[in-house]
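Q: Next up is a structure, given as structure tokens.
Please treat every number below as a calculation from the coordinates, not as lab data. As the structure is a prediction and not an experimental result, all values here were calculated from the model. Virtual Cβ from ideal backbone geometry, glycine too; neighbours counted across all protein chains shown.
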């Protein structure tokens, strides 16, 4: 019997995790890989604002989001929070520390009620060796993490608040098809934390971007009709 610790909570892993429905994960992975993950992972639910792990905790598991949204944050100084990543259902995160077994470099917090599948590190490494689908998926996600980190460095190195906000909104909008209108569902506070700015500065910056035609604000929500103007702004 193996006792696994995640932050403060503990649970016993001694059988496949039958509490997780295959439908919760099969929409993101193949049936075979879903079965393998469910056989070794344990489901854990986190309420809004609850911590999944803290910066400095030993990385003993790989987290996979079944439902909800998780943010990874750092606190460079007292009272200041910087979001370095946002993850949603079907996404794997905290891969590097889970891979090398060292400590988590940031804190993970649920920003809404969320369910995660926590895969013990030894089982994660074994799946990397035995499943080409899983190893390919993890490597692709690692590439995404590197791109995200490069964007974060770019954001923090930009002195202009307006440029920082535009870069964050471009990241949140992602790839857009012709004629598509993207609704940014993140709160102003989330955008502020991702940009390393105060909430007041972020609100003013978003209003300025809307005034200049880079985005629209409808019913308090941010909508992006095209990323061309935003991209031109941050070049």
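Q: Calculate the length of the line joining the C-alpha centroid of segment 63-124 to that of segment 158-235, in whole Å.
A: The distance from the Cα centre of segment 63-124 to that of segment 158-235 comes to 24 Å.
Q: Using a Förster distance of 41 Å, how high is the FRET efficiency between residue 180 and residue 128, based on the Cβ-Cβ distance and rounded to 0.05?
A: Computed FRET efficiency for residue 180 and residue 128 comes out at 0.70.
Q: If one takes the longest principal axis of the Cα atoms in the chain, at what angle in degrees, from 0 to 90 and to the nearest 10, does the Cα axis of helix 121-130 lie?
A: 90
Q: I'm spelling it out carefully: the read-out is Rg/Rh (Cα atoms, Kirkwood Rh), the candidates are (1) 1.00; (2) 0.94; (3) 0.97, and one was derived from this structure. Which label?
A: Only one listed value fits the structure, namely (1).
Q: With axes computed from alpha carbons, what is the tilt in degrees of helix 132-157 against the longest principal axis of the chain, rounded to the nearest 10 within 0 to 90?
A: Between helix and principal axis, roughly 30 degrees.
Q: While we're looking at this one, here's another question. Compute the angle between helix 31-40 and the longest alpha-carbon principal axis of the chain, please, reported from 0 to 90 degrees and rounded to the nearest 10.
A: Once rounded, the angle reads 70 degrees.
Q: Please give, to one decimal in nm, the separation of the simple spin-label points placed at residue 203 and residue 31, each 7 Å out from Cα toward the Cβ.
A: Taking the simple label geometry, residue 203 and residue 31 are separated by 5.2 nm.
Q: State the extension gain, in nm to one decimal, for the chain segment bounded by residue 112 and residue 171, taking 0.36 nm per residue of separation less the distance between their alpha-carbons.
A: So the extension gain works out to 19.2 nm.
Q: By counting other Cβ atoms within 10 Å of each Cβ, how are 170, 38 ranked from fewest to most?
A: By the 10 Å Cβ count, ascending, the order reads 170, 38.
Q: Specify whether the C-alpha gyration tensor of segment 112-155 places it in the rounded, prolate or oblate class, a ≥ b ≥ c being the square roots of the eigenvalues: rounded for a/c under 1.5, otherwise prolate if a/b is larger than b/c and oblate if not.
A: oblate
Q: Sorted by packing (mean other beta-carbon atoms within 10 Å per residue), highest first, where do 218-224, 181-187 land?
A: Final packing ranking: 181-187, 218-224.
Q: Can you give the helix-only mean residue ellipticity at 222 nm for the chain, where every DSSP H stretch with n ≥ 4 adds -39500 (n - 2.57) and the sum goes over all residues, rounded to the nearest 500 deg cm²/dmol?
A: Dividing the helical sum by the residues of the chain leaves -12500 deg cm²/dmol.
Q: Which residue fluctuates the most in the chain, going by a Gaussian network model with Cα springs under 10 Å, if the choices are 28, 51, 163?
A: The residue that fluctuates most here is 28.
Q: Using a Gaussian network model of the chain with C-alpha springs under 10 Å, which one of 154, 58, 88 is most mobile by mean-square fluctuation?
A: Highest fluctuation of the listed residues: 154.
Q: Express in nm, to one decimal, how much length is gained between residue 232 and residue 143 on full extension, taking 0.36 nm for each residue of separation and deducting their alpha carbon distance.
A: 29.6 nm
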